[in-house]
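A quick write-up on the structure given underneath.
The values are calculated or read from the model by the stated rules, or taken from the named source; none is laboratory data. Values in this document were obtained by computation on a predicted structure and should not be read as measured data. Heads up, the Cβs are rebuilt from the backbone with ideal geometry, glycines too, and the neighbour counts pull from every protein chain shown. Calculation scope for accessible area: heavy atoms of the full protein, side chains included, ligands and nucleic acids excluded. Shrake-Rupley method; radii C 1.70, N 1.55, O 1.52, S 1.80 Å.
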4 protein chains.
Amino acid sequence: MKFERDNPPRWFASDNNASVHPAVMAALERANRGHAVGYGDDPWTARADALFKATFGRDSESFLVWNGTGANVMALGAVLRPWEAVACAETAHINVDETGAPERIVGAKLLAIPTANGKLTPGLLEERLAPFGEIHHSLPRMVSISQPTELGTVYGLDELEALGAFCRARRLVLHVDGARLSNAAVALGASLLEAAGPADLLSFGGTKNGLMYGEALVFLDPALAAGAGHLRKNVLQLASKLRYISAQYSAYLGEGLWKENAARSNAAARRLARAVEEAAGIEPAFPVDVNAVFARIPPESLAPLARSWFFYPWDEKAGLARWMCSWDTEEEEIAAFAADLARQVRGA
Amino acid sequence: MKFERDNPPRWFASDNNASVHPAVMAALERANRGHAVGYGDDPWTARADALFKATFGRDSESFLVWNGTGANVMALGAVLRPWEAVACAETAHINVDETGAPERIVGAKLLAIPTANGKLTPGLLEERLAPFGEIHHSLPRMVSISQPTELGTVYGLDELEALGAFCRARRLVLHVDGARLSNAAVALGASLLEAAGPADLLSFGGTKNGLMYGEALVFLDPALAAGAGHLRKNVLQLASKLRYISAQYSAYLGEGLWKENAARSNAAARRLARAVEEAAGIEPAFPVDVNAVFARIPPESLAPLARSWFFYPWDEKAGLARWMCSWDTEEEEIAAFAADLARQVRGA
Amino acid sequence: MKFERDNPPRWFASDNNASVHPAVMAALERANRGHAVGYGDDPWTARADALFKATFGRDSESFLVWNGTGANVMALGAVLRPWEAVACAETAHINVDETGAPERIVGAKLLAIPTANGKLTPGLLEERLAPFGEIHHSLPRMVSISQPTELGTVYGLDELEALGAFCRARRLVLHVDGARLSNAAVALGASLLEAAGPADLLSFGGTKNGLMYGEALVFLDPALAAGAGHLRKNVLQLASKLRYISAQYSAYLGEGLWKENAARSNAAARRLARAVEEAAGIEPAFPVDVNAVFARIPPESLAPLARSWFFYPWDEKAGLARWMCSWDTEEEEIAAFAADLARQVRGA
Amino acid sequence: MKFERDNPPRWFASDNNASVHPAVMAALERANRGHAVGYGDDPWTARADALFKATFGRDSESFLVWNGTGANVMALGAVLRPWEAVACAETAHINVDETGAPERIVGAKLLAIPTANGKLTPGLLEERLAPFGEIHHSLPRMVSISQPTELGTVYGLDELEALGAFCRARRLVLHVDGARLSNAAVALGASLLEAAGPADLLSFGGTKNGLMYGEALVFLDPALAAGAGHLRKNVLQLASKLRYISAQYSAYLGEGLWKENAARSNAAARRLARAVEEAAGIEPAFPVDVNAVFARIPPESLAPLARSWFFYPWDEKAGLARWMCSWDTEEEEIAAFAADLARQVRGA
């Protein structure tokens, strides 16, 4: 099976390349009747709010926004004053993939910490934050972790608890970037709330898992939500026709779509890792906890392979590739890709 | 006919309370197949780009964003350095309705100018900008007008030309906030490009005219677009699954939807103004150029009327109300509303 | 006596054109011995801190900064989140004369209010703030007044009290820009603390009254000072060799210099106003409460007069001039200026 | 000789703990006569400007500001748009010691690079900047180096040239943080201009070398200075009584004070390093190129020694200390300190 970029089946570039799940399209159609008050004062948003409270606790406060970068920046902006700092992994989306939006919009400092596998630990934080405290340095006030990480690894519940204890002891606010939290929850066999651990606030995404657009910022500590209504508009994250985001999240949370789709993409990644290992003898570079497979292949194979199967080389020099599975990844694509990869690598 | 807020027909609060036009839903369904590269490198966006060039000139550069506030802030951010200023009408959306997003995100100064009808003129600008020039004052660099204005008035082509000449002579960049540009174009019997006049950059909206979400920032002067790719992400305006915005704009521009919908809402507003005048003897406060009707009614009638017909009082003390028509406003709603208004006013 | 710009005696352009008072130079010399720990942990700053507490209350917290714009911006930055707003007079220094620094650095919105004489009142505030409250508008959180105003008028103690009551009732923080607070206190026959009224925080200046550089941000409500140590550095306002600012303020507050100098410049302005009236029949445009005289003269006289006596026309079209007196203004300069003015006006 | 903190001779904490050189005090006294136009339009500033042009080239444009952090932030703000990035050493003052002011005020991203000795190289830059280019990452636009570095090392002229060539080839703007440039120039036996290498813009300091306050931002590439007059005020760096900074820089540049003072502190550091080595057998951790001595001592000796001789431990765990010499460091203090250190270390 040859990959045709302009007449595409599916590929492994990103879970945001996938289409929208039919149940979401159906929810959008159902929401499309009559007038609804703008900016959230509508029955669809009321329903979504109730589902968010059922999912994340009745004291939680959720705000639907446009996208994950928006949710993350709004989270930082809700907590940080511009002389404060947030610690994060060097690989964190807020540090690498948001074109400096946190610095521009929040103005605070990111303290990026190198890690082995995308995960922060109390020990890494302790060391990085030790020199701080003087007025000449930004004041550490927040820790942001990604669950799962950008390297496809998942914090265990005990690891989350240890980070929570560290943050409480140091009076640091804990933020979880959960753009793919559903995948982590499925991997842990846990609820979404459990997978977020002791987070004080959570960016909760669905676009990478079958939705069309829209993410949520969930204040698990509602005290942090003071002013958040204004803040959302102030950081360009308030949709006028909000019902169309709300309707998607009602389907996502109320019909179990988060779990069904994440289970499918996680399983696909496990199959992909196995197929690659069997066909080409290549083992994953990190544990395949969720729907990402990272692997090192001969660097000269990266470009030829990416020509027929669109994906992103993670580190060209090192030959590190990332292959993402989606809710719609099919068995036959996995097999075809593994076979192509094996041919490429053997030829290299 | 009694208005039921929780089982809504349609009302006159805002054109963003309306539903999504069926042709847009159909376009979304058609776009929902297979994988598409994220962030705009997809066939739907290529098609939309071509239509934008056909509409706004082949040298223009368009960037799809989340919403109108995002388009406006990105426009200011593309032009202004933080020590510069933009002049606008006191009623401008950027000044009144964006919760300070321009100040927060661009950091520049807004020079708000009181107007009679929402329109700036060379004379008003000349007077306001006269004292500037010293290093103690922000440097005027940009003029932003709304076409149509927030008061439902439309700049004539000659008025636009006069503003353009003023801006060229003073080396000021001209921005047009065209959240409802389609309505202005229909009112003028002009093309979208003509209705934008000599704008250097344009916020072009569709959400108030039948789309679900997504607006565009159009650089009519492409020299201003340097860096705009990074800027869009940097101000939280880059959608990952961009094809779903692109597909909407392809329907909007390619199938004439902008014109059809705007013509309907403009006509509805004219009918509404006439019905109100006939039933209650109340004349519009401003010319009904597009789909907004402003009228002064006895202040004590505002609240009772808004209880049965949801709308926003514009100035409670003055009894100034705003009634917006939409692409889906029906004849019978206009008649029923006018009758209720007449009863209310006579009783007041 | 002919004015020679390059061999200057003194003129009436600004009180910041004056030289440094000899007692301040002496204080600087005295502080110039041995090493002192940088950034404020030194005996001179300890002494200044004690004097600030003696002046503004023992719970107050003072932070020395570089200049008045720095103090003002730090004041706004200590209080406002970027989705909040500060109300001020249209003529306020923060609105007109700081090249947009508040917008750039704090990101919040300024709600500028036209006034008759530079003074805000509860009525003006009430009207301006009425439409606010929705998430689409910046949230009013602060009121900033200048004491004295930029038009040389002084708030009476009762006027201050009325503003304080308004702010308390509306939960607004009250900031006083006291770049010339000493002049206001002398005018009122009041202490500096009384002249600041019920301010929650105060920009307190000395540079226009005989110092070389350095101003203070005084938190009269110390709860607002949380984080101010970091904030000062974060907004570029922390001097390394802080003792040299501290030594000046010790002279200013501890040796009564603030009062002596302000009394001299206030008296000079009264004499100037009288001399102008007697010589040219021109009355002041505003009450001469402090060291500024505003007057309307024939517009065509502005430029010729400013050629021999350097000063700033306030409004060229209206012929409104501002003449400032300083701690070092001499009787004979006043007489010579009034005579020249009279000749000019009669000739006009 | 016992150190008395409250009756201080001199110590080794920082060169900004030193007093002001008598020639600077004399210059301030000379400038203190009559009125001078504020904000730089005065004869003292004209004289300083001429000296800056004589020093840094007649096309250069210099702007006096309050302090080094102000000069650095203004430099970044003159060049960077918020979606751009500046690369710097991890130890750079802009990254570590400015409480996040660059992020807050400029909004751009800092790309911090670990180094062995505080110096960047083309190789380090090449590696760090390689992954950039996509719209999801801030666009590298500037490189900032410190000359000398915060670790007391000096870039050789060839090293500067190599960085310049790299920046030109990559179209990156080169900024030099020259808070102690005078010390580097003396170390290199070079002029100030030569010591700044191929910099496009330069933060040039004097406060650590005998001045009271004030630094300069020098645009060696004057094309970058467009708007700098407004920018200076906009980032809180414009002094009203500017003549008092200008007078200091006239003494600094025109009377050779920069060279005399830097030669003294550099020599003192060399003597200190030798004395420490002779008395305690401890070698410097980095080359003693300028007026800083870094050395590793037993970590348990840090605190006791710092109690009698105030200084800053650089890395407490590693026992790394920093001792700075100043223009006023005396021979006998060096000897006494070395003896105390030897006692402490032998006792440890």
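Values for this structure:
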{"read-out": "Cut-off under 5 Å, modelled amide H: who pairs with D:Trp314 long-range", "value": "D:Leu320, D:Ala321, D:Arg322"}
{"read-out": "Closest Cβ on chain A to the rotation axis that carries it onto D (distance rounded to whole Å)", "value": "A:Glu103, 2"}
{"read-out": "Part-to-part distance (alpha-carbon centres) for the stretch D:249-307 and the stretch A:159-228, which is given in Å", "value": "50 Å"}
{"read-out": "Protein accessible surface hidden between D and B, which excludes ligands and nucleic acids, total in Å², probe 1.4 Å", "value": "1800 Å²"}
{"read-out": "Only Lys, Arg (+1) and Asp, Glu (-1) charged, at Cβ; chain B dipole about Cα centre in debye", "value": "520 debye"}
{"read-out": "Solvent exposure of the protein assembly as shown as accessible area per residue, Å², 1.4 Å probe", "value": "33 Å²"}
{"read-out": "Label-point separation, C:Arg171 to B:Ala223 (7 Å along Cα→Cβ), nm", "value": "5.1 nm"}
{"read-out": "Dipole in debye (nearest 20) - the protein assembly as shown, about Cα centre, beta carbon charges: Lys, Arg +1; Asp, Glu -1", "value": "0 debye"}
{"read-out": "Karplus (6.51, -1.76, 1.60) ³J(HN,Hα), θ = phi - 60°, over the stretch A:92-98, in Hz, Gly and Pro reported as x", "value": "4, 4, 4, 8, 10, 10, 10"}
{"read-out": "Apportionment of accessible area to carbon and sulfur, the protein assembly as shown, percent (1.4 Å)", "value": "50 percent"}
{"read-out": "Residues in the stretch D:59-77 that, when all protein chains are in place, have 40 Å² or more less accessible area than the chain alone would give (probe 1.4 Å)", "value": "D:Trp66, D:Asn67"}
{"read-out": "Listed residue pairs exceeding 26 Å between alpha carbons, taken from C:Lys233/D:Lys109; C:Lys53/D:Lys208; C:Lys208/C:Lys241", "value": "C:Lys53/D:Lys208"}
{"read-out": "Amide H partners (placed H, <5 Å) of C:Leu111, local residues excluded", "value": "C:Val86, C:Ala87, C:Cys88"}
{"read-out": "Copy-to-copy label separations for B:Ala267, where each label sits 7 Å from Cα toward Cβ, in nm and ascending", "value": "5.3, 8.2, 9.4"}
{"read-out": "Distance in nm between pseudo-label sites at B:Asp158 and D:Arg296 (7 Å out along the Cβ direction from Cα)", "value": "8.4 nm"}
{"read-out": "Nearest-0.05 FRET efficiency for C:Ala50 and D:Tyr312, computed from C-beta distance (R0 45 Å)", "value": "0.95"}
{"read-out": "Nm distances between copies for D:Pro304, ranked from closest, using label points 7 Å along Cα→Cβ", "value": "6.8, 8.3, 9.0"}
{"read-out": "Under 5 Å, built H, 5+ apart or other chain: amide partners of B:Ser62", "value": "B:Phe219"}
{"read-out": "Unit charges at the beta carbon, dipole of the stretch D:1-101: most positive-side option, D:Val73, D:Ala48, D:Ile94", "value": "D:Ala48"}
{"read-out": "Over the protein assembly as shown: helical MRE at 222 nm, DSSP H runs n ≥ 4 each giving -39500 (n - 2.57), nearest 500", "value": "-12500 deg cm²/dmol"}
{"read-out": "Shape call, the stretch D:128-256: gyration tensor on alpha carbons, a/c limit 1.5", "value": "oblate"}
{"read-out": "Estimated translational D of the stretch B:48-162 in µm²/s (Stokes, Kirkwood radius over Cα pairs; 25 °C; 0.890 mPa s)", "value": "160 µm²/s"}
{"read-out": "Inter-copy label distances at A:Ala223 (7 Å, Cα→Cβ; nm, one decimal)", "value": "1.5, 5.4, 5.5"}
